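In what follows, a structure is listed as structure tokens, so that the remarks can point back to it.
Just so it is clear, none of the values below were taken in a lab; they were calculated from the coordinates. The model shown is predicted, which means the values in this text are computed figures rather than measured ones. Positions of Cβ are backbone-derived with ideal geometry, glycine not excepted, and every protein chain shown enters the neighbour counts.
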Amino acid sequence: MDNQKWEPKIVAFVCNWCTYTGADLAGTSRMKYPANTKMIRVMCSGSVDPVFILKAFERGADGILVSGCHPNDCHYNAGNFHARRRWDFFHELLDFIGIEKGRLQFSWISASEGKKFADVVSKVTKDIKAMGPFTNYQKMNSEFTALFPEEANADSEIINQIKETVL
Amino acid sequence: MKIGVFICHCGENISSTVDCPRVAKICESYPGVEYSVDYKYMCSDPGQNLIREAIQLYKLDAIVIGSCSPHMHERTFRNAAFSAGINPFMVEIANLREHCSWVHDDIESSTLKAIELVRMAIEKVKRDKPLSKINVPVTKRVLVIGGGIAGIQAALDVANAGYEVVLVEKEPSIGGHMSQLSETFPTLDCSQCILTPRMVEVHQHPKIKLLTYSEVVKVEGFIGNFKVTIKKKARHINEDLCSGCGMCISKCPIKKKAYNSFEEDLAFRSAVYIPFSQAIPNIPVIDETVCTYFQTGKCGMCLKVCDRGAINFDQKDTVMVADIGAIIVATGYKLYDIERKSADLKYKGYGEYGYGKYRDVIDGLQFERIASASGPTSGEMKRPSDGKEPKKIVFIQCVGSRDDSKGISYCSKICCMYTAKQAMLYRHKVHDGEAYVFYMDIRAGGKMYEEFVRRAIEEDKVKYIRGRVSRIYEENGKYIVKGEDTIAGMPVEIDADMVVLATAMIPQDNAPALARTIGIPYDKYGFFNESHPKLKPVESTTAGVFLAGACQSPKDIPESVAMASAAACKTIILLSSDTLEREPVVAKVNEDLCAGCFYCQKVCPFGAVEVKDVKDINGIVYKEVAFINQGVCQGCGTCTATCLSKSIELSGFNNEEIFAEIAAL
């Protein structure tokens, strides 16, 4: 693949109260960052299931950012502590699954840290660009299709729709 | 399902970097989309009409708006959808402004990103389910924790609005720090003279139940429906019988065993004591740790002299449970104890200032007691060590505050003002005395505050020196204060008779523990966090819990009072309706799938997960499943990620919806 042209696809799972609002602040302050990252809003970083991350990799994401409120600053008191504990453990397993650790990054960004949000997204984009495209997903995909043909079908329906509409 | 897509230009805010007509055009061909349009201002009246008309004309089931952040206009568009006859929760917003047009320059890439964002929203809305707001009943009783000026103000405001109040104070009397102060800035009003009438009002108010010498030990439930457990510590005095005559106090043989904490340890108190003469309630407490009867089983002098038989050595702590609708937390502050370096490693002490070593190096509250007419010196300016009148006094500001190396980065806000006041009071009492103030900056923002500081400097001839003090040591009965005058650029040395340190305001010791009991967040210092620093300054992030006074951050009296009234007002708004409506973003359990492992119960920050028995047709329990109390659940979704059998779903953000969003990337 031509690395000059290739743009990484990055997914960010962000909590509604801190990081999403921080991203809003980056917008209102007109800070610039690369357009590669698409955000999925969840209520709390504690609700981000590791399966979401695997799913996103499976769907061709080259990098993933998970971001929530700073420890002790969680809108739900303790959600981000559960998230942190879960991620520490999950991160250790990534290599084993065949995903480089650097492709999954975590951060704490509060609602007042628009600048930090722009910086983190820029940094993640740069890191993932340097790592190159994540190609293992095709292999994961074919394994998944073999194991769960029905679910793979449901997904491919959406994917085909996307192809139709955009191309 | 028929979906409508509405792309807003937001004037030029979105359309300058996102090709809105192109986004709308592409979405038109997306499966499920019935109608797609772009418009200059979607949130305007004509814009909302466009949405309503399209919903009715094309018989849409759900809509996607590509516009500003959902935090901005989600409610607007939900209302528009509702008025056109579709469920308000069948609306999804793609954030094309804050997350796209405003942060990217390139039209091509931001348009492509916008298309993807709208596509994700379309896939999500396809899986949205109609939801309805949840109604929960409201108990019309308020708990106020803390009986300082903030708690008193909040309790009175709520009670005067006609609602019942339970006021809990951990000390034997209400009044808080304000009752210890001599005079208040900038008017030099006598603190007790303005406070004590309010204390009496609290005591006599028919709607206020006052629980002093009590602590909140457990908070269960949720907004409108809290169950609060309060422990009333044993006073060993029967409150109904005691007349407050004080005979037991005057006859108590223990006179010099315990320091009087109300006098900031500048005086002693007896084993049976009333904290101060205007205490509310005016009922003594027996301190078990020093009382001879409790230590040796002998004495009982108070028992003999009390002609009303109010002394009860066998009294035990009692526990009561109250149904509460809303909670106001007003636990206040304490002064940073600079001596305490070994006990609490979070803060480093100021050994170089000799506090705790030299008796005439005191803190601000100790000075207040010396200056107070009801204090240990009856208001006469006498130093603690030998009772002599200090002829030269040094005040040092920012002791602890604004000093990263000591662990406190914030400004304590009130010290500039109270130091000016104290220096002024000193000069009023000791006409031939000299007062020096070492300061970093003077922060006197507030009505008549700057003028007050100028008055101290110009009229009362207090000498202000800009600079820090490096060391204080004793020499020939004088305290040598070595510092620097950074304006003159030279070292300064003052041989003072007394030194007053304006120590930082920090939260009460038990603030983090109380925060965990109630379930509200606190910052790294232990101050409670407000829900939004600008727009929700008195709400905590836990629904139904409000904050008042210095427990949230350092504050002076008028600010604490204002905040308390604001919290009271928020509480009254809450209690004014019989039921509460709340967003339906809550978790729900699929009982067929639930395996009953109750991991969700362990991770739930709000204790919303209960155990529910599932019965067969014969009424025999065959399994236990998790049940989520919709009133308690705040909708964080931590349980959904933890659930092993994936049997919990968060309404509005369920796994199916998020998977669809991921797939649509």
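Table for the structure above
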{"item": "Length gained when the stretch B:SER83-B:ALA562 is fully extended (0.36 nm per residue, less Cα-Cα span)", "result": "168.6 nm"}
{"item": "Separation of alpha-carbon centers, the range B:399-431 and the range B:41-78, rounded to whole Å", "result": "55 Å"}
{"item": "Approximate spin-label separation B:THR229-B:ASP314, in nm, with each point projected 7 Å along Cα-to-Cβ", "result": "2.6 nm"}
{"item": "Rough spin-label spacing in nm, given labels placed 7 Å along Cα→Cβ, for B:ASN510 and A:ALA130", "result": "5.2 nm"}
{"item": "Quarter of the Cα convex hull surface for the protein assembly as shown, i.e. its orientation-mean projected area (nm²)", "result": "43.8 nm²"}
{"item": "Label-to-label distance, nm, for residues given as B:ARG455 and B:ASP495 (7 Å Cα→Cβ offset)", "result": "3.5 nm"}
{"item": "Spatial separation of Cα centroids for the range A:1-64 and the range B:535-551, in angstrom", "result": "31 Å"}
{"item": "Sites B:THR289 and B:CYS569 - FRET efficiency at Förster radius 45 Å, r taken between beta-carbons, to 0.05", "result": "0.60"}
{"item": "Assigned charges on the beta-carbon of Lys, Arg, Asp, Glu; chain A dipole about Cα centre (debye)", "result": "640 debye"}
{"item": "For the range B:41-159: rounded, prolate or oblate by the Cα gyration tensor [a/c cutoff 1.5]", "result": "prolate"}
{"item": "Residue-averaged beta-carbon neighbours from other chains (10 angstrom radius) around B:92-103", "result": "5"}
{"item": "Angle in degrees between helix B:45-57 and the longest Cα principal axis of chain B, rounded to the nearest 10", "result": "40 degrees"}
{"item": "Principal-axis tilt of helix A:79-97 within chain A, Cα atoms, nearest 10 degrees", "result": "30 degrees"}
{"item": "Listed pairs A:LYS129/B:LYS588; B:LYS233/B:LYS255; B:LYS209/B:LYS536; A:LYS116/B:LYS536; B:LYS357/B:LYS463; B:LYS255/B:LYS413 exceeding 30 Å between Cα atoms", "result": "A:LYS129/B:LYS588; B:LYS255/B:LYS413"}
{"item": "Shielding by other protein chains, B:21-30, mean Cβ within 10 Å", "result": "1"}
{"item": "Per DSSP, loop GluC sites (Glu not before Pro) in the range A:44-139 with at most 14 further Cβ within 10 Å", "result": "A:GLU100"}
{"item": "Relative contact order [Cα under 8 Å, 6+ residues apart], the range B:247-305, whole percent", "result": "35 percent"}
{"item": "Sequence-separation-based contact order of chain B, relative, with Cα cut under 8 Å and 6+ spacing, percent", "result": "13 percent"}
{"item": "Shielding by partners - mean other protein chain Cβ count within 10 Å, residues of A:68-75", "result": "4"}
{"item": "Simple Cβ-charge dipole of chain B, Lys/Arg +1 and Asp/Glu -1, about Cα centre, in debye nearest 20", "result": "1460 debye"}
{"item": "Between the range B:560-639 and the range B:123-171, the alpha-carbon center distance in angstrom", "result": "17 Å"}
{"item": "Dipole of the protein assembly as shown, positive end: most advanced residue of B:ASN238, B:LEU365, B:HIS203 [Cβ charges, Cα centre]", "result": "B:ASN238"}
{"item": "Degrees, to the nearest 10: B:149-160 long Cα axis against longest axis of chain B", "result": "60 degrees"}
{"item": "Which of A:ALA130, A:SER67, A:LEU54, positive extreme of dipole for the range A:10-133 (C-beta unit charges)", "result": "A:ALA130"}
{"item": "For the range B:247-305, size of Cβ-based charge dipole, Lys and Arg +1, Asp and Glu -1, in debye", "result": "380 debye"}
{"item": "Exposed GluC sites (Glu not before Pro) absent - longest run of chain B, DSSP non-H/G/I/E/B, at most 12 other C-beta within 10 Å", "result": "B:13-458"}
{"item": "Cleavage-rule hits (trypsin sites (Lys or Arg not before Pro)) in the range B:281-322: DSSP loop, at most 16 neighbouring Cβ within 10 angstrom", "result": "B:LYS298, B:ARG308, B:LYS316"}
{"item": "Selection from B:HIS71, B:PRO88, B:ALA515, by position along the positive dipole direction of chain B (Cβ)", "result": "B:ALA515"}
{"item": "Percentage relative contact order, the range B:3-127, counting C-alpha pairs under 8 Å, at least six apart", "result": "32 percent"}
{"item": "Qualifying chymotrypsin sites (Phe, Trp or Tyr not before Pro) in the range B:49-153, DSSP loop, other Cβ atoms within 10 Å at most 14", "result": "B:TYR58"}
